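Enquirer: Got a structure for you, questions after.
The values are calculated or read from the model by the stated rules, or taken from the named source; none is laboratory data. None of these values were measured; they are calculated from a predicted model. Methodologically, a virtual Cβ is constructed for each residue, glycine included, from the backbone with ideal geometry; neighbour enumeration extends over all protein chains shown. SASA here: full protein model, heavy atoms, side chains in, ligands and nucleic acids out. Shrake-Rupley method; radii C 1.70, N 1.55, O 1.52, S 1.80 Å.
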Amino acid sequence: MSKTALFNVRKQDPCPACGADLVIRSGKHGPFLGCSHYPECDYIRPLKSQGESQIIKILDGHFCPTCGAEKVLRQGRFGMFVGCSHYPECDYTETIDKPDTTSLSCPQCQSGKLVQRRSRFGKTFHACDRYPSCQFALNTKPVEGTCPHCQFPLLTEKKTAQGSKVCCASKSCGKVVAQEE
């Protein structure tokens, strides 16, 4: 069986550009429908509709502040969110998981606060809320304190096999700080 035979499942729809059959192909962003006469015809179409979100639940008693319609819980491309039931006429949305803010100020710009964020891979990190003008970020949990070695105004908590350690948040220092028991 050839490598491309897995993706040559025929669909009923003909290609709108040339009339040939559409086949499921695989690309770097996942499967898609493409013309069987590629490269002569380069028509492609996504397998699923990209921009649509599914209504999970109608939230009774909660109304849209923009148009007054009921709010609904939706499952979208980036996860769950609350939106207006009259979408696309009304485009009101609100996030469910708002980032956790800390009382710690950013050690780089001195004016922003550190907030918890989530990367595109699902990992949590802490970054300055003034992004993109300040690009300070930590992959570990920030702890209030000052490094006794380099006087950097922020410490981090690192989890190791021996337990958790408090270290300097400066990339140039990174020394373990002795904790008072």
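Enquirer: Under 5 Å between amide hydrogens, which residues at least 5 positions from TYR43 or on another chain qualify, with H placed 1.01 Å from N in the peptide plane?
Expert: Those qualifying (amide H under 5 Å, at least 5 residues apart or on another chain) are CYS35.
Enquirer: Identify which of ALA20, ALA69, ALA169 has the largest mean-square fluctuation in a Gaussian network model of the chain, with springs joining Cα atoms closer than 10 Å.
Expert: Comparing ALA20, ALA69, ALA169 in the GNM, the peak value goes to ALA20.
Enquirer: For a quick check: with amide H placed at 1.01 Å from N, whose amide H comes under 5 Å from VAL143's, ignoring anything fewer than 5 positions away on the same chain?
Expert: HN-HN under 5 Å from VAL143: LEU155, THR156, GLU157.
Enquirer: Would you mind telling me which residue in LYS158, LYS171, LYS57 has the biggest mean-square fluctuation in a Gaussian network model of the chain, where springs connect alpha carbons within a distance under 10 angstrom?
Expert: LYS171
Enquirer: What residue among PHE81, PHE63, PHE121 has the largest mean-square fluctuation in a Gaussian network model of the chain, using Cα springs under 10 Å?
Expert: Largest GNM mean-square fluctuation: PHE121.
Enquirer: Please report Rg (one decimal) and Dmax (integer) in Å for the Cα set of the chain.
Expert: 25.3, 76
Enquirer: Return one whole number: the accessible area per residue of the chain in Å², for a 1.4 Å probe.
Expert: 73 Å²
Enquirer: Working out 0.36 nm times the residue gap between LEU47 and CYS18, then minus their Cα-Cα distance, what length gain in nm do you get to one decimal? Write down the numbers at each step before the final one.
Expert: Numbers: separation 29, 0.36 × 29 = 10.44 nm, distance 1.89 nm.
Computed gain between LEU47 and CYS18 is 8.6 nm.
Enquirer: What FRET efficiency, computed as 1/(1 + (r/R0)^6) with R0 = 35 Å and r the Cβ-Cβ distance, is obtained for GLU157 and HIS29, rounded to the nearest 0.05?
Expert: Here the calculated transfer efficiency is 0.45.
Enquirer: Compare SER170, SER164 by solvent-accessible area with a 1.4 Å probe and give them largest first, with all protein chains kept in place.
Expert: Heavy-atom accessible area, descending, gives SER164, SER170.
Enquirer: With every protein chain present, what accessible area does SER105 have (1.4 Å probe, heavy atoms only), rounded to the nearest 10 Å²?
Expert: Accessible area of SER105: about 60 Å².
Enquirer: Would you kindly find the accessible area of LEU138, with a 1.4 Å probe and non-protein molecules such as ligands, DNA and RNA excluded, rounding to the nearest 10 Å²?
Expert: Roughly 20 Å² of LEU138 is accessible to a 1.4 Å probe.
Enquirer: Moving to a separate point now. So in the chain, which Cys have no other cysteine's beta-carbon sitting under 4.7 angstrom from theirs?
Expert: Taking the Cβ cut-off of 4.7 Å, the unpaired cysteines of the chain are CYS167.
Enquirer: How much length, in nm to one decimal, is gained on full extension between ARG120 and LYS171, taken as 0.36 nm per residue of separation minus their Cα-Cα distance? Before the final figure, lay out the partial values.
Expert: Working: separation 51, 0.36 × 51 = 18.36 nm, distance 2.32 nm.
Additional length available on full extension: 16.0 nm.
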